[in-house]
Amino acid sequence: MNYLSQYTIPFSGLKEGKHLFDFKADDRFFTSSEESEIEKGNVDIVIELEKRSTYLGLVFTLKGEVELTCDRCLENYMQPIKSQNNLLVKFSEEEIEEDAEIIYIHPNDHQLEVAHLIYEFIVLSLPIRHLHPNDKNGKSLCNPEMLRKLDEYKSSAKDIEPAEDPRWNELKKIIGN
């Protein structure tokens, strides 16, 4: 049995109204997800499902932390995450292209697989740049040895002269520069 199959919501037997589902994304969740860039983490997920006759409204609330590699010093660190995402599930017998906030399922479906949705919402809650957080004094928690090495090899903007591209010379003559 696939580990991710436990991340399903059986909605067919539920009465109309709101229902809560709790899930946990742990290390095994991330290693079981296809092509996951995250290998370790601990995220609590609460899904509030509002069942109606024509749609399902889902609110995903995520809170926890995942292990990332720092873009600056290349060491691993734990990135806290917290997000809330809304999703609308509509029923349709025709194949309709999914939207960012609306997905379509067949009216005969009786459960919704949410593992891939949980993973996507975790990834979307990550910052674009993965950097160690600063301590309470505002000092970076990156590896100090790596920061010294980076400073050693850093070039100043004064040292770099922009090379002039000769292809633009004719155009500059035309506009008078």
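If you go through segment 136-169 and keep only what is at pLDDT 80 or above, in a helix (DSSP H, G or I) and not basic (K, R), you end up with P144, E145, M146, L147, L150, D151, E152, Y153, P166, W168, N169. Which residues, counting only those in segment 68-109, are within 16 Å of the chain's Cα centre (by Cα) and closer than 25 Å to R52 by Cα? S83, Q84, N85, N86, L87, A100, E101, listed by residue number. For I81, the criteria (1) assigned to a helix (DSSP H, G or I); (2) under 30 Å from E145 (Cα atoms); (3) not hydroxyl-bearing (S, T, Y) hold in every case but one, which is (1). None of G64, G17 is surrounded by 15 or more Cβ atoms within 10 Å (Cβ to Cβ), of a type outside the set (A, V, I, L, M, F, W, C) and on the phi > 0 side of the Ramachandran plot except G64. Only residues that are among the charged types (D, E, K, R) and at pLDDT 90 or above were counted in segment 117-135, giving 2.
Restricting attention to segment 28-49 and to residues that are surrounded by 14 or more Cβ atoms within 10 Å (Cβ to Cβ) and assigned to a strand (DSSP E or B), the residue that is farthest from the chain's Cα centre (by Cα) turns out to be L49. Entry remark, segment 88-125: residues being over 17 Å from D22 (Cβ atoms), of a type outside the set (D, E, K, R) and in a strand (DSSP E or B) number 7 in total. Only one entry of L117, L112, L131 meets the criterion of being over 13 Å from V89 (Cβ atoms) and either in contact with a strand residue (DSSP E or B) (Cβ under 7 Å, 6 or more places away or on another chain) or in contact (Cβ under 8 Å) with a residue 12 or more places away in the chain (or both), and that entry is L131. Only one of the numbered conditions (1) buried (at least 16 other Cβ atoms within 10 Å of the Cβ); (2) not in a helix (DSSP H, G or I) is not met by G57, and that is (1).
In segment 15-27, the residues that are assigned to a loop (DSSP other than H, G, I, E, B) form Cβ pairs under 9 Å with partners that are basic (K, R), at six or more places apart or across chains, as follows: K15/K51; E16/K51; E16/R52; D26/K40.
The values are calculated or read from the model by the stated rules, or taken from the named source; none is laboratory data. Note that the structure is predicted; figures quoted are calculated from it, not measured. Here the Cβ is made from the backbone with ideal geometry for all residues, glycine too, and neighbour counts use every protein chain on show.
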